[in-house]
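To start, the structure itself, in structure tokens.
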Amino acid sequence: MSTDAVRPLTPDPARPSSRGPGHRHPAGEHAPSSAAGHRARPDARLRQHAFPSDSKHFRNVLGRFATGVVAVTAIDEATGEPCGLAANSFTSVSLDPPLVAFCVAHTSTSWPRVKAAGRLCVNVLAETQRHVCDRLAAKGGDKFAGLSWSLSPAGGPVFDGTLAWLDCTIETELPAGDHVIVVARVHGLDKHEDGDPLVFFRGDYGRFHA
């Protein structure tokens, strides 16, 4: 996202247009946005902007981008107990090699345990699994208490009802402001249950309507 203020499209007299040498748009006239000569419709709302340093406004605007929700799980090597966290910043990155990524806050107390396990499992959550997300997002306590799960082929927890799972190892971590971007290599994956995804939009959870 650019931090530059929105600027009106004014002609640059020192730069020729693509219509031919020496051609200039009349002063004050916006350049056509297409070959058909369509011009941008004025919208006073687009002349107003807030800087991204306003964290509340930043979150509110980006909250209009709907995402799915995943649970990133592992078995704690030290205790043998399951551990995990919830994330909505999950995306595919590459097909060759097969890579995915997600973001974790520096303040996360669960990520160090998942990271130490070396192997992790990404669960794509269904709309019926809001309780799984709430449990993993809670502070302290046994986050897996009362949740049903089994082990993936690589030994990562897969929750009952999950739409899909991906067995991964950590490829790299990239510092990014108050988060870290985790890039993970996929070693195995499959669909698990049929259903609709859990969706996160404008700070709340919902469902997908086709």
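Summary of computed values
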quantity	calculated
Net lengthening on full extension, His179/Thr79 (0.36 nm per residue, minus Cα-Cα)	33.4 nm
Gain in span if fully extended, Ser55 to Ser89, counting 0.36 nm per residue against the direct Cα distance	10.5 nm
Segment 110-210: translational diffusion in µm²/s, Stokes-Einstein, Kirkwood Rh over Cα pairs, 25 °C, 0.890 mPa s	165 µm²/s
Förster radius 25 Å - calculated FRET efficiency between Leu62 and His131, Cβ distance, rounded to 0.05	0.50
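Read-outs: derived from the displayed coordinates by stated rules, not from any lab. The shown structure was predicted, so the numbers you read here are calculated from the model rather than taken from an experiment. Every residue, glycine as well, gets a Cβ built from its backbone with ideal geometry; the counts of neighbours run over all protein chains shown.
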